[in-house]
1. For region A:50-108, what are the residues that are among the hydroxyl-bearing types (Ser, Thr, Tyr), within 11 Å of chain B (Cβ to nearest Cβ) and free of Cβ contacts under 8 Å to residues at least 60 places away in the same chain?
2. Taking region B:1-47 only, how many residues are crowded, with 24+ Cβ neighbours inside 10 Å, within 27 Å of A:Ile95 (Cβ to Cβ) and polar (S, T, N, Q)?
3. Yes or no: B:Gly173 loosely packed, with under 15 Cβ neighbours inside 10 Å and either without any contact (Cβ under 8 Å) to a residue 12 or more places away in the chain or closer than 30 Å to A:Leu42 by Cα (or both)?
4. Considering (1) touching a strand residue (DSSP E or B) at 6+ places or on another chain (Cβ under 6 Å); (2) at negative phi, say which one A:Gly212 fails and leave the rest.
5. I'm told A:Leu19 meets every condition in (1) more than 23 Å from B:His40 (Cβ to Cβ); (2) part of a loop (DSSP other than H, G, I, E, B) except one. Can you identify the failing condition by its number?
6. Determine, yes or no, whether B:Ser311 is within 20 Å of the chain's Cα centre (by Cα), among the polar types (S, T, N, Q) and surrounded by 15 or more Cβ atoms within 10 Å (Cβ to Cβ).
7. For region B:277-308, enumerate the residues that are among the charged types (D, E, K, R), surrounded by fewer than 19 Cβ atoms within 10 Å (Cβ to Cβ) and in contact (Cβ under 8 Å) with a residue 40 or more places away in the chain.
8. Of everything in region B:140-170, what is charged (D, E, K, R) and touching a helix residue (DSSP H, G or I) at 6+ places or on another chain (Cβ under 7 Å)? Give them in sequence order.
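Each reported figure results from applying straightforward, stated rules to the coordinates on display, with no laboratory input. As the structure is a computational prediction, the values presented were derived from the model and not from experiment. All Cβ positions, even for glycine, are placed from backbone atoms using ideal geometry, and neighbour counts span all protein chains on display.
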Number of protein chains: 2
Amino acid sequence: MRVTVLAGGHGGAKFLMGLRDRPDVEVSAVVNTADDLVVHGLTVCPDLDTVMYGLGGGLDGERGWGRIDESFRANEDLAAYGMPHTWFGLGDRDIATHLVRSQMLGAGYRLTDVTAALAERWRPGVTILPMSDDRVETHVVVADEEGRRAIHFQEWWVRHRAQIPATEFVQVGADAARPTPEVLAALAEADVVLVAPSNPVVSVGAILAVPGIREALTTTAAPVVGISPLIAGRAVRGMAEQCLAAVGVPCSAAGVAAHYGARRSEGLLDGWLVAPEDASVLPELTDLGIEAAAVPLLMSDPGDARRLADSALAVAQRVRG
Amino acid sequence: MRVTVLAGGHGGAKFLMGLRDRPDVEVSAVVNTADDLVVHGLTVCPDLDTVMYGLGGGLDGERGWGRIDESFRANEDLAAYGMPHTWFGLGDRDIATHLVRSQMLGAGYRLTDVTAALAERWRPGVTILPMSDDRVETHVVVADEEGRRAIHFQEWWVRHRAQIPATEFVQVGADAARPTPEVLAALAEADVVLVAPSNPVVSVGAILAVPGIREALTTTAAPVVGISPLIAGRAVRGMAEQCLAAVGVPCSAAGVAAHYGARRSEGLLDGWLVAPEDASVLPELTDLGIEAAAVPLLMSDPGDARRLADSALAVAQRVRG
């Protein structure tokens, strides 16, 4: 069974780990690249790396990003030189990934091919596909005592810990970006498409901002089933609440489902998983034409992630009928 | 007193430390850049960095290169990706220097300006001048069971520890390189020019290979005094013996002096310091027209280096008469 998953970083990686452990699936992950940034001259792809390290056994699971057994000496020294951007904690081991990537991109390889080359080391067991080979960057329109301005998503997220009020998220470059042939094929040829419990605005939202991906999702023969990133109105991790508030989407499992939309009403979703705490919204989802189920969404261990993947595929099976 | 020193890495750095400690000198160091290499996309300048770290208190004195309190995690990970050139031990802290330098060079700054910017952190107390802003690379013609071929100096030096027989050293790019205005001014305006006890072939020899530098040395009004890098026919450190053998220069204090040549015979040297072990060559040097002295050359502590600098300036004073 070919399963294609739209994924961001941490939540996407955990969900993919559960899914990969099924013996009957061949998984492609379409991963957000709009969090990417060039820092100290290195091209850093946080979500691609979190997925790659996570599936490859190299992720610092406590921190949720970067490498196990990591140190930050180069970054300390960059700060000692007075360099900007040292709030972005570049790990010493992690730098190796960015050096390889930056050199290959500089040599003209596509990000898709670079990602495949890096994955030869990590053997993630999943085909990791950047959503696009074109540069797309989420910028955040913020307003505080320094006035209204747009900053790179990472500056908002990492430097300011999403504590500056955001009024808008703009995927700079998305208009001119194209999905890769690999992404379009993975969506068209999938037996099931899953939307990981990733940030609906800046992770999944950025993927959907690439022209052609939304269309590929609405035209694929595969059922499209999503997993709520919220449990009882709160993000399991990360700052989805702040992002949803900024774009005026109700911060709830049903709110996010309605934001993605039901496929029968020109939206994306055939199915949607909510947490047992949110079971009361099931009738509302059914009314929208979304096949919904309430199952535990917390992924505390690999078994949880595997059961969640099973539940998502079971809903897809029910959609297919 | 304005003193300009031609210098390579370790020996140059130690000598410069002694000289800098004199209160009456303003020092410019013209540093070899032909050991430079681009590795993992980063521009690395080993001699400039050894001098900068050495004078700035950041050098690992035991190792003789790279940073104190260094680790090599990025390099380990580059090796895990199967990258070439991981025999070149790139330190994690050291990478910060190369990231700053590579970005500034990429932005169009001259290496001279980049070096000055890096030195703002280290405050070496000496003006560190790359011999040229143009790329010059020492390649080594070697012959072994793999046949005759040219390899980058660093590959010969670091990877093969100079154990492959070398038949020739070629400064690739030197023909088209130009000395910087700063280097020409430092030589023209100096009160004294010193040649540090650095490798005569690949460090000082590379500096002299830049068209215009030899001429600037022969036309400067300042006395030019060198320090033998050999004591009793052996290099204090490094592999000058192998380099001298390859170019057919006798491996002795007198041999190196004759290689540089006496200024009165269109060579470079007005003065030359040898070790007490080599005092028997003093008459021979006098015959060549070189003002020579035998003084301890080993720099085991800052006091030694300071005394050696004093001796070199005393010989310069005698030359000036």
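1. Result: A:Ser71, A:Tyr81, A:Thr86, A:Thr97.
2. 1
3. On the way: loosely packed, with under 15 Cβ neighbours inside 10 Å: no; either without any contact (Cβ under 8 Å) to a residue 12 or more places away in the chain or closer than 30 Å to A:Leu42 by Cα (or both): yes.
The answer is no for B:Gly173.
4. All conditions pass for A:Gly212, except number (2).
5. (2)
6. Details: within 20 Å of the chain's Cα centre (by Cα): yes; among the polar types (S, T, N, Q): yes; surrounded by 15 or more Cβ atoms within 10 Å (Cβ to Cβ): yes.
Judged against the criteria, B:Ser311 is a match.
7. Answer for region B:277-308, where residues must be among the charged types (D, E, K, R), surrounded by fewer than 19 Cβ atoms within 10 Å (Cβ to Cβ) and in contact (Cβ under 8 Å) with a residue 40 or more places away in the chain: B:Glu277, B:Asp304, B:Arg306, B:Arg307.
8. Keep residues of region B:140-170 that are charged (D, E, K, R), which gives B:144-146, B:148-149, B:155, B:159, B:161, B:168.
Matches in region B:140-170: B:Glu168 only.
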